[in-house]
1. What's the number of the only condition in (1) out of contact with any helix residue (DSSP H, G or I) (no Cβ under 7 Å at 6 or more places or on another chain); (2) buried (at least 16 other Cβ atoms within 10 Å of the Cβ) that Pro43 fails to meet?
2. Would you mind finding the one in Glu120, Glu102 that is loosely packed, with under 15 Cβ neighbours inside 10 Å and on the phi < 0 side of the Ramachandran plot?
3. If you go through the range 82-126 one residue at a time, how many are in contact (Cβ under 8 Å) with a residue 12 or more places away in the chain and not in a loop (DSSP other than H, G, I, E, B)?
4. Please state which of the following conditions Leu28 fails to meet, knowing it meets all the rest: (1) modelled with pLDDT of 95 or more; (2) out of contact with any Lys or Arg (no Cβ under 8 Å at 6 or more places or on another chain); (3) surrounded by fewer than 15 Cβ atoms within 10 Å (Cβ to Cβ).
5. Mind checking which residues of the range 72-82 are of a type outside the set (A, V, I, L, M) and within 13 Å of the chain's Cα centre (by Cα)?
6. Just checking, does the range 53-66 include any residue being touching a residue at least 12 places away in the same chain (Cβ under 8 Å) and assigned to a strand (DSSP E or B)?
7. Checking Glu61 against (1) in contact with a helix residue (DSSP H, G or I) (Cβ under 7 Å, 6 or more places away or on another chain); (2) over 30 Å from Glu23 (Cα atoms); (3) loosely packed, with under 15 Cβ neighbours inside 10 Å, only one condition comes out false. Which one?
8. Just need a number here: residues in the range 83-99 that are exposed (fewer than 15 other Cβ atoms within 10 Å of the Cβ) and either under 10 Å from the mean Cα position of the chain (by Cα) or at negative phi (or both).
Amino acid sequence: MKTNEDIENYLRQMGANFESPEEGLWVLKVEPSDLVLVMKHEPPILEFMVHVAKLPQKNLEAFFRQLLVWNATEVVHGAYGVIDDKVVVTTALQTENLDFNELQAAIEAIALQLQTHYAELKKFYV
């Protein structure tokens, strides 16, 4: 089982820009955007969440359809979802056999997903 110290060492090894406001919680800047990735370790699970935006005010059906299409066809780690009125990306990894490559791949996949989908998502807010 990987510890909080192991996870933090992996983040340092990645060169990640992060803060740890409390034990088992990390806040990372998702480059090159202003979004932040929150990681929370509650053994044996490491949870990831990015708050993407508030729900758009119009075209919700088309918006949700687009998120579902991406979840089914393009999203490698996690999924788009909604919590309250916020669009989020979430995923989780087990820490029992977590290694550096797996953590790095999860973080990079989320960052790439957001970079790739940003322009399309932005259209729903104009």
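The values are calculated or read from the model by the stated rules, or taken from the named source; none is laboratory data. Since the model is a prediction, treat every value here as computed from it, not as a measurement. Cβ sites come from the backbone with ideal geometry, for glycine too, and all protein chains shown count toward neighbours.
1. Result: Pro43 passes all but (2).
2. Details: Glu102 fails: loosely packed, with under 15 Cβ neighbours inside 10 Å.
Selected residue: Glu120, the only one of Glu120, Glu102 that is loosely packed, with under 15 Cβ neighbours inside 10 Å and on the phi < 0 side of the Ramachandran plot.
3. Result for the range 82-126: 29.
4. (3)
5. His77, Gly78, Tyr80, Gly81
6. So far as the range 53-66 goes, yes, one or more of its residues are touching a residue at least 12 places away in the same chain (Cβ under 8 Å) and assigned to a strand (DSSP E or B).
7. Here Glu61 meets the rest and fails (1).
8. Taking the range 83-99 and keeping what is exposed (fewer than 15 other Cβ atoms within 10 Å of the Cβ), we get 83-86, 94, 96-97, 99.
Right, trim to either under 10 Å from the mean Cα position of the chain (by Cα) or at negative phi (or both) and you get 83, 85-86, 94, 96-97, 99.
Total meeting the criteria: 7.
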